[in-house]
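Okay, so here's the structure we're looking at.
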Amino acid sequence: MTERTELVEHGQLFIGGEFTDPLGTEVIEVISPHTEQVIGRVPHASEGDVDRAVAAARRAFDEGPWPRMGLDERIAVITRIKDAFAVRHEEFARLISAQNGTPYSSSVMVQALAAMMVWDSAITVARDFPYEERRDGVLGPLLVRREPVGVVAAVVPWNVPQFTAAAKLAPALLAGCTAVLKVSPETPLDAYVLAEIAEEAGLPPGVLSILPADREVSEYLVGHRDVDKVSFTGSVAAGRRVMEVASRNLTRVTLELGGKSAAIIFPDADLEAAVAGIVPFAWMINGQACVAQTRILAPNSRYDEIAEAFAAAAGALRVGDPLDPTTELGPLVARRQQQRSLDYIKLGQEEGAKILTGGNRPAAQERGWYVEPTLFGSVDNSMRIAREEIFGPVICLIPYEDEAEAVRIADDSPYGLSGSVWTADTERGIDVARRVRTGTYSVNTFSLDMLGPFGGYKNSGLGREFGPEGYGEFFEHKMIHLPAGYREA
């Protein structure tokens, strides 16, 4: 029998490193996407709570010990946070699966252990980062310093809440910044586990606050005059609004936004390997992933064979209760997301695409926000289902004639976040990877490595996360002119 999550209730907010009563009375009810029943309640943070959190972060940055600690001291604290993720990873996985529908079978890695890997990778990057360097300037010697940017507002979505939180908090805190984490109202419960871990790890007062709230409160946080940096993950529309609001204070921003990534299958590809490699990352998190391979490009010479193989694999995905360890595709996070996918499925048919598998609500699921894993064939890249981010289990199979057309179609998108190519000729695949305008790319695999830069071209975002490039987003650069002839003693 599947283990069920009991009602989880929290009455306080984590502000300035301690649990405290909220200023308002509004409550967020967390709804199970499987049962459509309430599974949790937490306070809804108000603008007054944002003011308290930002003020605490400001004091901690301007006056507190955290930015003035040695790097090894900060690493020791962050290591304790990382180690706690390893201990509590199953708890994280169950909570997140219960809230957003990610199958537990993948949630352990995608939602929990991957977040732990982000914390761990950030420590590796921090150890080797060039915080100061000497240069020979035109007029004399220079000292170039990288100093923490200040108070960070980190705004994360509901699809991978701990992974995206770690992508922002780990580098920000290691850099010596302080942070206010704003979590989605769909997935606030796991944030309380993070708060407990942070408190036990020994973060000084004010360094971290965690606020569950809606978009209006997010906007207030992003526009706060005492915030120095905003790191946001979400939709393109929301990212544009974040940039607009932050610009009023000239607040620095990093935006990790949407995607409509293409997996190119060449005629010489091992089809079995391509199907096994693409399917988990086309329908990952039930299709609710910005990096999902949502356009599969198939050569005309093998189109029917490829269509049959992918339709069979998608149709065989086990749909059901996300907490059942045998489930491979769970419900979407909310009714609005279910309806969005169903609307796009109808639109795709109206545009002339052909459903190869799926296309409906699963008959076996009497309740819950489910949509069958759906594959469209006969898709032209100009169709809306091929151009717009659906954020659901709806994938397009697009034909192409030759390599040049495949690259053109892959690039013919307002997005540029991810992608992959599948071929027997690895060097050919690397050449294609160099040509496609997207921020991350994989050859005969799909991966997201936390020691390299992650981010997008075009509408997929601004700035980078992970690796030294992502770590560098949380620093200001200072140039110090030294007297001519100066040599360090």
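What are the residues in the stretch 263-276 that are over 20 Å from the mean Cα position of the chain (by Cα) and buried (at least 16 other Cβ atoms within 10 Å of the Cβ), if any? Spell out how you get there, then give the answer.
As a first pass, look at the stretch 263-276 and keep what is over 20 Å from the mean Cα position of the chain (by Cα): 264-276.
Correct list: Ile264, Ile265, Phe266, Ala269, Leu271, Ala274, Val275.
Taking the conditions exactly as written (farther than 28 Å from Tyr220 by Cα and buried (at least 23 other Cβ atoms within 10 Å of the Cβ)), does Ala98 satisfy them or not?
Yes: the conditions hold for Ala98.
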Task: Cβ pairs under 7 Å, 6+ apart, first in the stretch 306-323 and in contact (Cβ under 8 Å) with a residue 24 or more places away in the chain and under 22 Å from Trp369 (Cα atoms), second of a type in the set (Phe, Trp, Tyr) and part of a helix (DSSP H, G or I) - done: Pro322/Tyr104; Leu323/Tyr104
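Out of all the residues in the stretch 83-94, is one or more among the charged types (D, E, K, R) and either assigned by TED's automatic domain parsing to the domain that holds Phe281 or surrounded by 23 or more Cβ atoms within 10 Å (Cβ to Cβ) (or both)?
First, pick out the residues of the stretch 83-94 that are among the charged types (D, E, K, R): 83, 88, 90-91, 94.
Of the ones still in play, those that are also either assigned by TED's automatic domain parsing to the domain that holds Phe281 or surrounded by 23 or more Cβ atoms within 10 Å (Cβ to Cβ) (or both) are none.
Within the stretch 83-94, none of the residues are among the charged types (D, E, K, R) and either assigned by TED's automatic domain parsing to the domain that holds Phe281 or surrounded by 23 or more Cβ atoms within 10 Å (Cβ to Cβ) (or both).
Where in the stretch 118-161 are the strands (runs of 3 or more DSSP E), entirely inside, with at least 3 residues that are farther than 22 Å from Val222 by Cα? Before you say what the answer is, go through the steps one by one.
On the way: elements: 132-136, 141-148, 151-155.
Filter on the stretch 118-161 gives 132-136, 141-148.
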Task: Given (1) under 30 Å from Phe310 (Cα atoms); (2) touching a Ser or Thr at 6+ places or on another chain (Cβ under 9 Å); (3) surrounded by fewer than 22 Cβ atoms within 10 Å (Cβ to Cβ); (4) of a type outside the set (Val, Ile, Thr), index of the condition Lys260 fails - done: (3)
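Considering each of Val125, Val118, Val110, Val77 in turn, give the residue that is closer than 21 Å to Pro148 by Cα, under 16 Å from the mean Cα position of the chain (by Cα), buried (at least 18 other Cβ atoms within 10 Å of the Cβ) and touching a residue at least 60 places away in the same chain (Cβ under 8 Å).
Details: Val125 fails: under 16 Å from the mean Cα position of the chain (by Cα); Val110 fails: closer than 21 Å to Pro148 by Cα; Val77 fails: under 16 Å from the mean Cα position of the chain (by Cα).
Step by step, each of Val125, Val118, Val110, Val77 is checked, and only Val118 is closer than 21 Å to Pro148 by Cα, under 16 Å from the mean Cα position of the chain (by Cα), buried (at least 18 other Cβ atoms within 10 Å of the Cβ) and touching a residue at least 60 places away in the same chain (Cβ under 8 Å).
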- [ ] Report yes if Gly359 is at positive phi and touching a Ser or Thr at 6+ places or on another chain (Cβ under 6 Å), otherwise no.
- [x] yes
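From the list Gly239, Gly202, Gly258, pick out the single residue that is in contact (Cβ under 8 Å) with a residue 12 or more places away in the chain and on the phi > 0 side of the Ramachandran plot. Break it down stepwise before answering.
Working: Gly239 fails: on the phi > 0 side of the Ramachandran plot; Gly258 fails: on the phi > 0 side of the Ramachandran plot.
Step by step, each of Gly239, Gly202, Gly258 is checked, and only Gly202 is in contact (Cβ under 8 Å) with a residue 12 or more places away in the chain and on the phi > 0 side of the Ramachandran plot.
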Task: Condition check for Phe19: in contact (Cβ under 8 Å) with a residue 40 or more places away in the chain, assigned to a strand (DSSP E or B) and within 25 Å of the chain's Cα centre (by Cα) - done: no
TODO: Quickly run through the stretch 371-384 and pick out the residues that are farther than 21 Å from Arg437 by Cα and not in a loop (DSSP other than H, G, I, E, B).
DONE: Thr374, Leu375, Phe376, Gly377
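How many residues are in contact (Cβ under 8 Å) with a residue 40 or more places away in the chain and not in a helix (DSSP H, G or I) if we restrict to the stretch 341-370?
To start, the set of residues in the stretch 341-370 that are in contact (Cβ under 8 Å) with a residue 40 or more places away in the chain comprises 341, 344-345, 348, 353, 356-358, 362, 364-365, 367-370.
Checking which are not in a helix (DSSP H, G or I) leaves us with 353, 356-358, 362, 364-365, 367-370.
Of the residues in the stretch 341-370, 11 are in contact (Cβ under 8 Å) with a residue 40 or more places away in the chain and not in a helix (DSSP H, G or I).
Please go through the stretch 411-445 and pick out each residue that is hydroxyl-bearing (Ser, Thr, Tyr) and either closer than 16 Å to Ala292 by Cβ or surrounded by fewer than 20 Cβ atoms within 10 Å (Cβ to Cβ) (or both).
Initial filter on the stretch 411-445 (hydroxyl-bearing (Ser, Thr, Tyr)): 413, 415, 418, 420, 423, 426, 438, 440-442, 445.
Result: Ser413, Tyr415, Ser418, Ser420, Thr426, Thr438, Thr440, Tyr441, Ser442, Thr445.
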Open item on the list: Please go through the stretch 293-340 and give me each residue that is outside any helix (DSSP H, G or I), among the aliphatic types (A, V, I, L, M), out of contact with any strand residue (DSSP E or B) (no Cβ under 8 Å at 6 or more places or on another chain) and buried (at least 19 other Cβ atoms within 10 Å of the Cβ), ordered by number.
Closed with: Leu323, Leu332, Val333
Task: Looking only at the stretch 458-481, and only at residues there that are charged (D, E, K, R) and surrounded by fewer than 15 Cβ atoms within 10 Å (Cβ to Cβ), the one that is farthest from Val436 (Cα to Cα) - done: Lys478
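Per-residue answers, yes or no, for (1) more than 28 Å from Phe446 (Cβ to Cβ); (2) surrounded by fewer than 24 Cβ atoms within 10 Å (Cβ to Cβ); (3) not assigned by TED's automatic domain parsing to the domain that holds Phe391:
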| residue | (1), (2), (3) |
| --- | --- |
| Ala170 | no, no, yes |
| Glu200 | yes, yes, yes |
| Gly206 | yes, no, yes |
| Arg215 | yes, yes, yes |
| Ser235 | no, yes, yes |
| Met243 | yes, yes, yes |
| Leu250 | yes, yes, yes |
Open item on the list: Looking at (1) closer than 28 Å to Asp228 by Cα; (2) part of a loop (DSSP other than H, G, I, E, B), which one does Arg437 not meet, given that it meets all the others?
Closed with: (1)
Task: Residues located in the stretch 385-410, provided they are crowded, with 19+ Cβ neighbours inside 10 Å and in a loop (DSSP other than H, G, I, E, B) - done: Glu389, Ile390, Phe391, Gly392, Pro393
- [ ] Could you please tell me which pairs satisfy a Cβ distance under 6 Å, a separation of 6+ or placement on different chains, a first residue in the stretch 436-459 that is over 17 Å from Asp412 (Cβ atoms) and free of Cβ contacts under 8 Å to residues at least 40 places away in the same chain, and a second residue that is assigned to a loop (DSSP other than H, G, I, E, B) and basic (Lys, Arg)?
- [x] Pro453/Arg464
TODO: Please verify whether the stretch 361-384 includes one or more residues that are among the aromatic types (Phe, Trp, Tyr), surrounded by 18 or more Cβ atoms within 10 Å (Cβ to Cβ), within 25 Å of Val421 (Cβ to Cβ) and assigned by TED's automatic domain parsing to the domain that holds Pro414.
DONE: yes
TODO: Kindly check whether there is at least one residue in the stretch 6-24 that is surrounded by fewer than 17 Cβ atoms within 10 Å (Cβ to Cβ), modelled with pLDDT of 95 or more, under 28 Å from Leu174 (Cβ atoms) and among the small types (Gly, Ala, Ser).
DONE: no
Open item on the list: Of everything in the stretch 3-32, what is closer than 22 Å to Ala93 by Cα and touching a Gly at 6+ places or on another chain (Cβ under 7 Å)? Give them in sequence order.
Closed with: Leu7, Val8, Glu9, Val30
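The values are calculated or read from the model by the stated rules, or taken from the named source; none is laboratory data. The structure displayed is predicted, hence computed values, not measured ones. Ideal geometry is used to build each Cβ from the backbone, glycine not excepted, and the neighbour counts take in all protein chains shown.
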